[in-house]
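Coordinate-derived values only; no laboratory data. Note that the structure is a prediction, hence the values are computed from the model and not measured. So basically every Cβ, Gly included, is an ideal-geometry build from the backbone, and we count neighbours across all protein chains shown.
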Amino acid sequence: MKVRTLAAILCAIAAVSVYAQKTVIHCGSLIDGKSNEVQPQMTVVIEGNIIISVQKGFSTPAAGEKLIDLSRKTVMPGLIDMHVHLESETNKDQNLQRFTSNEADVAFRSTVFAKRTLMAGFTTVRDLGGSGVNISLRNAINQGLVVGPRVV
C-alpha cells in the first residue's frame with residue numbers, strides 16, 4: 001500500500017473521530033480483516049468514532065452526513081504496535097541526543113514521532129516506558145492537542 005493511500009485513510013479516520021456526526025466513507029477496495037478477500041466498492045458508515053455499518057457498493061449519504069471519497073483508494077483497519085517508545089526514534093544522532101536533549105526537547109520531538117507513527121498506519125500503540133513525557137504525550141493526544149495514535 002502506498003504511503004499516500006495510507007495517509008488518506010488515516011486522515012479520514014482522524015477527521016471522523018472529531019465529530020459525532022455520521023460519516024460515510026466510499027472505499028475503492030476494502031480489506032476488512034475478517035475475510036480473505038479484498039472487497040471492491042464498499043461503504044463504511046461511522047458515527048462518532050464507531051463503525052456502525054459496512055455495505056456493498058457506494059451508498060448515498062443522507063443530508064447532514066459527511067462523505068469521504070476514497071473510491072480510488074484501498075482502506076484497511078488501523079494497525080496496532082504493542083511495543084513502542086514514542087519519546088525516541090532510532091536515528092544517526094540518537095546516542096548524542098540522549099546527552100544533549102532536555103525534557104522539553106524530548107517532548108517536542110515525541111509529537112513528531114507520534115504523528116509519524118499514526119501516518120504509518122498504527123492507530124493504537126502501547127508505549128513501554130519513558131521519562132514521563134510519554135504520559136503527557138498520551139494525554140495531549142487524547143485531548144486533541146497533538147496528532148497521534150491511541151496510546152494504551
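Entry for the chain at q = 0.08, 0.09, 0.14, 0.20 Å⁻¹: log10 I(q)/I(0) = -0.28, -0.35, -0.73, -1.19, Debye formula applied to identical alpha-carbon scatterers, no solvent contribution. The label-point distance for Leu145 and Ile50, in a model that sets each label 7 Å from Cα toward Cβ, rounds to 2.9 nm. All C-alpha pair distances within segment 80-119, sorted into 5 Å bins from zero, spread as 6, 22, 31, 24, 12, 4, 0 percent across the bins. Remark: segment 57-126 projects, on average over all directions, an area of 7.7 nm² (convex hull of Cα atoms). Rounded to the nearest 20, the size of the Cβ-charge dipole of the chain about its Cα centre is 300 debye, with Lys and Arg at +1 and Asp and Glu at -1.
Here the extension length gained between His83 and Glu103 equals 5.0 nm, from 0.36 nm per residue of separation less the Cα-Cα distance. Here each label is just a point 7 Å from Cα along the line to Cβ, and for Val152 and Ser131 those points are 2.8 nm apart.
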